[in-house]
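Below is one structure, written out as structure tokens, with a few remarks after it.
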Amino acid sequence: MQRTDTTYDNVSHVNHGFQHEEQRPLPYAPPSGVNPALPQYPSPQNPQYPYQISHPPHSLDRYSPAQNLHQYTPQTAPVNTHHTVAHGLYLDANPVHKAAPRRKKWPIIVGILTTLLVVGGAIAVVLWFYGVFDCNLGRRCQTDNKCVGLSQWCNGVQDCSSGEDESNCFRLFGSNFVLQKFSNERKNWENVCSNEWNDNLGRQACEKIGYDRNTYVGFDEINISGCPSNKGVALKCIECGLNNMRRIVGGSTVTSKGTWPWQVSLQISRNHVCGGSIITPYWIVTAAHCVDELSNAGAWTVYAGFLTRTEMRSATGNSVSRIVKHSNFEPRTNENDIALMKLTHPLTMTSNVRPVCLPNEGMYFDAPRECYITGWGTLSSGGSAPDTLQEAKINLISRTTCNNRPVYNGRITETMICAGKLQGGVDSCQGDSGGPLVVRENSLWWLVGDTSWGDGCAFRNKPGVYGNVTYFRDWIYEQMRKY
């Protein structure tokens, strides 16, 4: 990790991917990035009232559980089925139609309509034969190609063999972890009401999202309008985002193991290759370029809860059972630079080994928000690596600024985040790849990015680029559910 105050104007070394020098769904709308154009629920969180949130646009939309997760209590406006006339409008009971006698045209009209019906029917038969209309009132399962009606998605009954019709039906909203359920009937997300809610339902909902029921923490009632007693559910599927840190000084050596308890070292043959972040006892988030050419899970070992490379040399570490790289990762541009590692055995959670929180829907992190990077990467471009974990305080940089010609000239996509200092001097570097970029909100730490790439290290106008974890959130949960 580059942490000097020196600035550079000439890029003499191009560091793509911050790589170690010796190594080289159920369909859903893609989540927004750090600076989304159209946030779905843009209401800001008020830190003074951590349990008060704004409900979605439909004030009467809410999901009220009884004994299982899919029971709804819908409310609809009454429909007037009687004929009504606008006030003051007079209609003649016996209207008189005056028109000059003309030649009858109905045989021609009937002929035209008959021809159109015949032609339309023939087209429909052809389209049906080629499979165009065979699932027009539903959606096909990706695995078995089964046609499942729209009303059967997110109804609590598994109709697809893979269960994809019941995945992505629950989500957590905002920094207070408000539980929401998707309603296919109303085509929107609804707050889950707390009446008759219990821990058994909470564990089921956490599993639907992608968490193991063994990490379940509990739920709280929060104030939400539109629910009975105006109470909704705040669901904690895992204890995340906590550390032992009291103060941070940017660009310094970490002195306490509990400061960044989610930071891990990913090693091959006892050599540190990349960093990573704990998100559950089984799962580690890292960069796709770290495993692109080193995809054999058995070759990797994960070290959690350590500060120095020296102490890791005598430690056992944790073996990896599976590597899941984003299928659309593009090595040339580092597009979709994210991957997951699943451990063979779960980590034991302690004060020194803890998960970081994945950002929930409705959380937006805008420039120039303060954030923090950590890692065992080199202290200069092509320089030596430290023995002890390093930390640095930097700032988020807007995608617009980062795409300016002097910076990255349009190379930053929605799957990426820029962070650092435009004047240079503080940055991630080789060996930091895959490690965490975190932000603190509502007294918790959230994983905003994974260290991805940059032109050199700490050069002027060349800040670090990170995988946009907010964008990849649904992909992460999908893999956790799948595996």
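Cβ-Cβ distances below 6 Å connect the following pairs, each with a first residue in region 178-195 that is over 14 Å from residue 151 (Cα atoms), a second residue that is among the aliphatic types (A, V, I, L, M) and in a loop (DSSP other than H, G, I, E, B), and a separation of six or more residues or different chains: 178/53; 191/224.
The condition of being over 21 Å from residue 282 (Cβ atoms), crowded, with 21+ Cβ neighbours inside 10 Å and out of contact with any Cys (no Cβ under 6 Å at 6 or more places or on another chain) holds for only one of 433, 428, that being 428.
Figure legend. Inter-residue proximity from region 305-317: first residues in a helix (DSSP H, G or I), second residues surrounded by fewer than 14 Cβ atoms within 10 Å (Cβ to Cβ), beta-carbon distance below 6 Å, spacing 6+ or different chains. Indicated pairs: 309/387; 310/387. Looking at region 349-365, is at least one residue at pLDDT 95 or above and over 26 Å from residue 215 (Cα atoms)? Within region 349-365, one or more residues are at pLDDT 95 or above and over 26 Å from residue 215 (Cα atoms).
Taking the criterion of being over 27 Å from the mean Cα position of the chain (by Cα) and farther than 30 Å from residue 313 by Cα, the residues of region 369-415 that qualify are 405, 406. At pLDDT 95 or above, among the hydroxyl-bearing types (Ser, Thr, Tyr), surrounded by fewer than 23 Cβ atoms within 10 Å (Cβ to Cβ) and part of a loop (DSSP other than H, G, I, E, B): is that true of residue 413 in this structure? When the stated conditions are applied, residue 413 passes them. Scanning region 145-198 for residues that are under 23 Å from residue 442 (Cα atoms) and among the hydroxyl-bearing types (Ser, Thr, Tyr), which turns out surrounded by the fewest Cβ atoms within 10 Å (Cβ to Cβ)? Here the residue is 175. The numbered conditions (1) surrounded by 17 or more Cβ atoms within 10 Å (Cβ to Cβ); (2) touching a Cys at 6+ places or on another chain (Cβ under 9 Å); (3) over 28 Å from residue 253 (Cβ atoms) are all true for residue 398 except (1). Would you call residue 285 within 26 Å of residue 417 (Cβ to Cβ), buried (at least 24 other Cβ atoms within 10 Å of the Cβ) and aliphatic (A, V, I, L, M)? Yes; evaluated as a whole, the condition is true for this residue.
Return a yes/no flag: does region 340-348 have any residue that is aliphatic (A, V, I, L, M), more than 24 Å from residue 390 (Cβ to Cβ), touching a Ser or Thr at 6+ places or on another chain (Cβ under 8 Å) and part of a strand (DSSP E or B). Checked region 340-348: at least one residue is aliphatic (A, V, I, L, M), more than 24 Å from residue 390 (Cβ to Cβ), touching a Ser or Thr at 6+ places or on another chain (Cβ under 8 Å) and part of a strand (DSSP E or B).
Among residues of region 307-350 being within 19 Å of residue 272 (Cβ to Cβ) and among the β-branched types (Val, Ile, Thr), the one that is surrounded by the fewest Cβ atoms within 10 Å (Cβ to Cβ) is 316.
The values are calculated or read from the model by the stated rules, or taken from the named source; none is laboratory data. Here the structure is a predicted model, which is why all the values come from computation and not from measurement. Don't worry about glycine lacking a Cβ; one is built from the backbone with ideal geometry, like all the others, and counts go over all protein chains shown.
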